[in-house]
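A.B. asks: Handing you this structure, nothing more for now.
The values are calculated or read from the model by the stated rules, or taken from the named source; none is laboratory data. Predicted model only: the values in this text are computed from it and were never measured. Here Cβ is always computed from backbone atoms with ideal geometry, including for glycine, and neighbour counts include all displayed protein chains.
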Amino acid sequence: MISKKPKNTIAKIHCLVFSLCLMLTFACETEPLEPIAQEPEIEDTTTADTTTNDSVITDSNACDTADYTFSGFIVPLLTDNGCKGCHQGSVPSGGVGLDDYTGVKAAVDNGSFLGSISHANGFSNMPKGGNKLDSCSIAKVELWINGGAKND
């Protein structure tokens, strides 16, 4: 003879199974979305010289964004901040080679370059053990990246 379970027990089992399914569904974590890179806001500190039609910088702390090319800004930035000391050669630190355009572009493309120098969550802060780069340098890097991160 087959024993019949009371309806109350079956309802409890269904409720338990349903609860477990809900917990499993909502317990999974997803990778955070990378923020969309926006052009940095740089305060305009120039005034027009009406006698010569030239712009004159009025703030000595202004960020000069005229040069943010790879060869003119990015390479010197990497050299001056000691990045190439760890991130070069056949076995660069963290597998991130910054000794040529190809390595830098790979770090730009996967988001680690800007994420690391801007100390964004989820990235290793660079320079390692050093201070975060100044906002002007980060703004120039963002301009270079938003301009297509060209090898110029």
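A.B. asks: From the list Ser137, Ser90, Ser124, pick out the single residue that is in a helix (DSSP H, G or I) and among the small types (Gly, Ala, Ser).
C.D. replies: None of the other options fit; the residue is Ser137.
A.B. asks: Does region 128-140 contain at least one residue that is surrounded by fewer than 16 Cβ atoms within 10 Å (Cβ to Cβ), more than 13 Å from the chain's Cα centre (by Cα), at pLDDT below 95 and at positive phi?
C.D. replies: Among the residues of region 128-140, at least one is surrounded by fewer than 16 Cβ atoms within 10 Å (Cβ to Cβ), more than 13 Å from the chain's Cα centre (by Cα), at pLDDT below 95 and at positive phi, which makes the answer yes.
A.B. asks: Evaluate the following for Gly97: is it surrounded by fewer than 18 Cβ atoms within 10 Å (Cβ to Cβ) and either more than 17 Å from Lys132 (Cα to Cα) or without any contact (Cβ under 8 Å) to a residue 60 or more places away in the chain (or both)?
C.D. replies: no
A.B. asks: From (1) in a loop (DSSP other than H, G, I, E, B); (2) touching a Gly at 6+ places or on another chain (Cβ under 6 Å), pick out the condition that doesn't hold for Gly103.
C.D. replies: Going through the list (1) in a loop (DSSP other than H, G, I, E, B); (2) touching a Gly at 6+ places or on another chain (Cβ under 6 Å), Gly103 breaks only (1).
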